[in-house]
Amino acid sequence: MAAQKIEMMLLRAEDELLARIEGALRRPDLAPSALEEIPTTPWLRRLYLFDRAGRPLASPPGSDAAGVFRALLAEIPSGLWERGGRRHLVLGDQVVLAAVLKTARGEPVLVAGARDAEGLRREILELTLGAAEGATILAVLDHQERLVWSRAPVDRADRVATASLGEVLPSWQVALYQPRGMSLREAVRRQVTVFTAAFGLLLVVIAAGIVATYRLVRRETEMARLKADFVANVSHDLKTPLSLIRMFGETLEMGRVTDEAKRQEYYRVITRESERLSRLIDNVLDFSRIDGGRRTYAMAPTAVEPLVRETLEAFSYPLTREGFTVEVAVAPNLPEVPLDADAVSQALANLVDNAIKYSGERKALRVEAAVRDGQLALSVADEGIGVPPEEQGRIFEKFYRVGRSETQGRRGSGVGLALVRHIALAHGGRVTVESRPGAGSRFTLWFPLRRSAG
Ligand code: ADP
């Protein structure tokens, strides 16, 4: 469109100029001096007029008119002299307008003039294209691709399209520039980058989703398996003491045991087994209370020594029967500590129960109570099978039990240590484990000496 506009504008200007010259030529009283005074236009400089024989009727002062005529003659078809009309020629590095007009007497006159870039810029291009607006920059290039005119500087822009100006300015072009940073190529590149990044992000999100789902499913499956094990283990744990109680009860009932000492032992078995049963049921009930967030604790200043002694007394029978050496070291002058005595006793009992369960050949139990690092440390140590380092973080999870080989033959529900940890945390304390497989374990309950505010 811009190219067409320029062409039209230029053709119209040429028409006007040639009409003006023809008007002068057709005057019957044509004097040679009149021709010299023909007004030219700013966009056409160095106007020449030649007659058919090549005599210059008008030429710029000091010019080589003969040379110019020869050059023109070589380029224009001879028919032009008869027919009249105009041609646009490229001579050297100039664009020349050549036209044949007729005088009043019908003699042909060759009019020729070179385009003036500066004049073109001012009179034609600025007027035609100056008003155009938009993000792109319009420019005009000459036949050697030199910039003749541009609406704005183009040194920081990319050329995106060109259109030839056609007949009036042969080999000249109108060019369209796109300022850099928003060039078409760059915009496309930027979009490709954005899409690639978005696609990459999408892939990452999908991958993360798959991993998360996989983990969740694995966790759920594991939890389902642990729960099934838990039910089987608890049922078995309940059955053992029940069948013992029943067996000894029936034996006593039938009156077959005559020996008083034996009878006393049977009574003790029944009492011990029913205690074990109570502990087990307490554990399960407490665990379900904790799981449902219903477990509450009643803290009161508690003397540590009696609490440890009473808890251990409940285990005196199995400890003696299994042949354990028991060491109890309660530091003298321990202050009273704010504790829920029942809960702490239950935690301690669970640790002692585990020490008995997970001891092998070396049967040694050491229970210690002391103030360490400004806290009450209650520890239960054994010389049993130990816990592998990689399992030490997991044994406090509910239902979790170390691989079957270690716990083979040792029944348990997998909630004991979860309960211990919950009790410790409820007191504002914690539970730690130090253990080496084959060497033994030490579980320590840490309790603050004073109730923390709030
Ligand atoms: P469980 O009913 O199986 O004993 P716990 O929660 O009390 O459940 O313990 C979880 C697991 O931690 C046990 O299955 C056992 O593998 C391991 N464990 C606990 N105490 C000891 C210990 N004193 N020595 C070795 N392993 C232990």
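Quick notes on this one:
- Of everything listed in (1) within 30 Å of Ala187 (Cα to Cα); (2) surrounded by fewer than 19 Cβ atoms within 10 Å (Cβ to Cβ), the single unmet condition for Asp142 is (2).
- Put simply, of Ser359, Ser379 the only residue that is of a type in the set (Ser, Thr, Tyr) and either in contact with a Gly (Cβ under 9 Å, 6 or more places away or on another chain) or over 30 Å from Ala303 (Cα atoms) (or both) is Ser359.
- Filter result for Ser59 (surrounded by fewer than 19 Cβ atoms within 10 Å (Cβ to Cβ) and free of Cβ contacts under 8 Å to residues at least 24 places away in the same chain): no
- Within region 153-167, tally of residues that are assigned to a loop (DSSP other than H, G, I, E, B) and either hydrophobic (A, V, I, L, M, F, W, C) or under 18 Å from Leu10 (Cβ atoms) (or both): 4
- Matching entry among Glu305, Glu310, Glu260, Glu275 (being farther than 18 Å from Phe230 by Cβ and at pLDDT below 90): Glu275
- Considering Leu216, Leu238, the condition of being surrounded by 13 or more Cβ atoms within 10 Å (Cβ to Cβ) and either within 21 Å of the chain's Cα centre (by Cα) or not charged (D, E, K, R) (or both) is satisfied by Leu238 alone.
- Every residue from region 372-419 that is among the acidic types (Asp, Glu), modelled with pLDDT of 85 or more and within 15 Å of Ala355 (Cα to Cα): Asp382, Glu383
- Selected residue (criterion: surrounded by the most Cβ atoms within 10 Å (Cβ to Cβ)) from residues of region 77-105 that are farther than 20 Å from Ala19 by Cβ and of a type in the set (A, V, I, L, M): Val95
- In summary, Ser435 fulfils each of the numbered conditions (1) of a type outside the set (D, E, K, R); (2) modelled with pLDDT of 95 or more; (3) under 38 Å from the mean Cα position of the chain (by Cα) with the single exception of condition (3).
- So Arg246, is it part of a helix (DSSP H, G or I) and within 30 Å of Glu397 (Cβ to Cβ): no
- Exclusive hit being loosely packed, with under 13 Cβ neighbours inside 10 Å and on the phi > 0 side of the Ramachandran plot, set Gly292, Gly255: Gly255
- Cβ pairs under 8 Å, 6+ apart, first in region 266-289 and farther than 11 Å from Gly249 by Cβ, second among the β-branched types (Val, Ile, Thr) and part of a helix (DSSP H, G or I): Leu277/Ile245; Leu280/Val234; Val284/Val234
- Region 302-332, subset among the hydroxyl-bearing types (Ser, Thr, Tyr) and part of a helix (DSSP H, G or I), residue surrounded by the fewest Cβ atoms within 10 Å (Cβ to Cβ): Thr320
- Which listed residue is assigned to a helix (DSSP H, G or I), hydrophobic (A, V, I, L, M, F, W, C) and surrounded by 11 or more Cβ atoms within 10 Å (Cβ to Cβ), from Ala198, Ala175, Ala228, Ala207: Ala228
- Within region 101-152, the residues that satisfy the criterion of being in contact with a strand residue (DSSP E or B) (Cβ under 6 Å, 6 or more places away or on another chain), part of a loop (DSSP other than H, G, I, E, B) and of a type in the set (A, V, I, L, M) are Ala132, Ala152.
- Considering residues of region 249-297 that are of a type in the set (Ser, Thr, Tyr) and not in a loop (DSSP other than H, G, I, E, B) only, the residue farthest from Leu425 (Cα to Cα): Thr251
- Qualifying residues in region 106-125 (those that are closer than 20 Å to Met1 by Cα and touching a Phe, Trp or Tyr at 6+ places or on another chain (Cβ under 7 Å)) - the one surrounded by the fewest Cβ atoms within 10 Å (Cβ to Cβ): Arg121
The values are calculated or read from the model by the stated rules, or taken from the named source; none is laboratory data. Computed from a prediction, not measured in an experiment: that's the story for all the values here. With ideal geometry, Cβ positions are generated from the backbone for all residues, glycine too; neighbour counts draw on all protein chains shown.
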